Structures are given as structure tokens and as C-alpha cells.
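The next block holds one structure in the form of C-alpha cells; read it before the comments.
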Amino acid sequence: MQNWDFFLIYVHYQTIICIFANILIKTMTNLSVNVNKIATLRNARGGNIPNVLKVALDCESFGADGITVHPRPDERHIRRSDVLDLRPVLKTEFNIEGNPTRDFIDLVLEVKPHQVTLVPDSLVQLTSNVGWDTKKNLKFLTEVLDKFNHAGIRTSVFVDANPEMVEYASKAGTDRVELYTGPYAKDYPINKEKAIAPFIEAAREARKLGLGLNAGHDLSLANLTYFHENIPWIDEVSIGHSLICDALYLGLEQTIHEYKKCIGR
Ligand code: PXP
């Protein structure tokens, strides 16, 4: 064989490896850890313990693929200053979620995270408990998404597991949808096949439309494996409450490993 033949064989193998690596990355589900609960704990005492920045960096080093924050106007957990401080130090994907008020939009455009997730929560709401009515809010969402798309920030819209809401989110110009999994978590212990059914349908609609897919709310070690087994093409799960509660018993590092096992990692 000539040197030239060896070179061609080498290039051929490199191409095959690249194709497999790409397939693997595209079918891999990421875990984004929501650190709002850490901020809630800190705010309870007014000091800086636990340190939100340090916990976020530790989550990354324990295997989290991203960090999520949900700043609210009353700053009852994550503060504007946390968002600004986190951006330059995080090494993984940064996702900022929230209601797109003027202040929220300005903050996201200033910080330029990897992803912004639009959530329709009101001021007094304890936690997000419903997805957008994307049909009714099509004009508003289109305008807001346009701003983020122009800034090169990946966009995601929080929706219920309803194909029509996914369809209108796509019409509004989002890159991804995040399925609100609260109802799945509630119904899972009663009838898991029934609980997952609308989510498979909505996830298929998202895939058909070429949208990326995220999911979040009340996902836990008890219900995450089944969710992932049924929708293995999901790009990201965003988890806060249960993960931080589990960390009280298992420790943060072990907990993150356990959650990653649930998503096949
Ligand atoms: N996704 C969204 C849009 C949320 O608002 C929240 C809660 O802040 C989560 C995911 C995470 O939910 P949980 O804390 O129940 O894991």
C-alpha cells in the first residue's frame, strides 16, 4: 500500500468517528440543575450561606450539563446579581427561565445565556404551574422570541403537553419547547402509562416540527427513568426541587450521578 492509501483509510475512519459522535451528542439528554432552592435557603438567613455560585460550580464538576435559574421580580430566591455573577464563571450551559417582563428581557439580553425559557408565571405564583397558551399569546411570544433569536440566544417556550400548544410555539419562532411535567409527576403513581401518553404525543409533535425538546417540573428519581425511556430523544431535563431534597440524604455529588443514570448517562 502507498502512503496515500493509508491517508485515505485514516480520513475515512475519522469521518465515521465524527458521524457517530454527532449522533451520540444529538440523542443525549442533558441534566440542567435548577439552583433556585439554594438561593431560597441562602435568603432565609440574609448572609451568603450556602453560596449559590459555589454550589452551581460544584454541580457542574459533579456532572451537571447545565445550570438553570429562575429570577422573579421580587427576588425571593435567585437575584439579578446572582444571574450576573453566574454568567462569567459557568462552564456548562446556562439557562435563564422566567416571565418575559421588560426587566427580564433586558437582563437576559445583557447576560446572553445559552438558552432562555419563557414561562407564564404571575408575580404572586408560588411556582410555575401551567404552560403558555401559545395560540392566544402568539403575537406577544413572536415579538419576544424575535428579540432573543436576534441576539443569538437559543429559545424555549414552556408549554403543557398539548400538540396544539407545541404547534403554536413553533409558529412563534421558538427553537425548543419545555414540556410542563407537573401533571405527569402527579399522575405517575396512579397510572404511569396514562400519565406519559400526552407527553409522548406532544414530544412527537415537537420532533415532527423540528423543535428541540426540554422538560421540567416535579421530575424526580421516582419518575424520571420512565419519562426518559418513553421519550429518549429529549434534549434536556431541568430539575430543582426533588434533586436538592435528595441531596440532603445522598449528598449533591451522588444525587447528580443518580439523576444522570435515570437519563441513561
Ligand atoms: N422548569 C420550569 C419552567 C420551572 O419553573 C421550574 C421550577 O422553577 C422547573 C423547571 C424545575 O422544577 P422543579 O423544581 O420541580 O424540579
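The values are calculated or read from the model by the stated rules, or taken from the named source; none is laboratory data. Here the structure is a predicted model, which means the values were calculated and not measured. Note: ideal-geometry Cβ built from the backbone for every residue, glycine included; neighbour counts use all protein chains shown.
Pick from Ser61, Ser32: which is over 13 Å from the mean Cα position of the chain (by Cα) and either over 24 Å from Ala203 (Cβ atoms) or polar (S, T, N, Q) (or both)?
Every option except Ser61 fails the conditions.
Scan segment 55-103 residue by residue and report those that are part of a helix (DSSP H, G or I), of a type in the set (Lys, Arg) and farther than 14 Å from Asn36 by Cβ.
The answer is Arg87, Arg102.
Tally time: how many residues in segment 114-127 are within 14 Å of the ligand (Cβ to nearest atom) and either under 16 Å from the mean Cα position of the chain (by Cα) or free of Cβ contacts under 8 Å to residues at least 12 places away in the same chain (or both)?
9
So Ile244 ticks every box in (1) without any contact (Cβ under 8 Å) to a residue 60 or more places away in the chain; (2) within 12 Å of the ligand (Cβ to nearest atom); (3) of a type in the set (A, V, I, L, M) but one. Which box is left unticked?
Going through (1) without any contact (Cβ under 8 Å) to a residue 60 or more places away in the chain; (2) within 12 Å of the ligand (Cβ to nearest atom); (3) of a type in the set (A, V, I, L, M) one by one, Ile244 breaks only (1).
Which condition number does Gln2 fail, the rest of (1) surrounded by 10 or more Cβ atoms within 10 Å (Cβ to Cβ); (2) modelled with pLDDT under 95 being met?
Only one criterion in (1) surrounded by 10 or more Cβ atoms within 10 Å (Cβ to Cβ); (2) modelled with pLDDT under 95 is unmet by Gln2, namely (1).
So in segment 192-239, with the set limited to residues that are in contact (Cβ under 8 Å) with a residue 40 or more places away in the chain and acidic (Asp, Glu), which one is farthest from Tyr259 (Cα to Cα)?
Taking the candidates together, the pick is Glu205.
Where the second residue is among the charged types (D, E, K, R) and the first is without any contact (Cβ under 8 Å) to a residue 24 or more places away in the chain and lies in segment 35-57, which pairs have Cβ atoms under 7 Å and are six or more apart or on separate chains?
Asn48/Arg42; Ile49/Arg42; Pro50/Arg42
Conditions: (1) among the acidic types (Asp, Glu); (2) over 12 Å from Leu118 (Cα atoms); (3) touching a Ser or Thr at 6+ places or on another chain (Cβ under 7 Å). Asp187 meets all but one. Number of the miss?
(3)
Tell me, which residue of segment 79-104 that is among the β-branched types (Val, Ile, Thr) and surrounded by 18 or more Cβ atoms within 10 Å (Cβ to Cβ) is nearest to the ligand (Cβ to nearest atom)?
Out of the qualifying residues, it is Ile96.
Where residues in segment 128-159 are assigned to a loop (DSSP other than H, G, I, E, B), surrounded by 13 or more Cβ atoms within 10 Å (Cβ to Cβ) and without any contact (Cβ under 8 Å) to a residue 40 or more places away in the chain, which of them is nearest to the ligand (Cβ to nearest atom)?
Trp132
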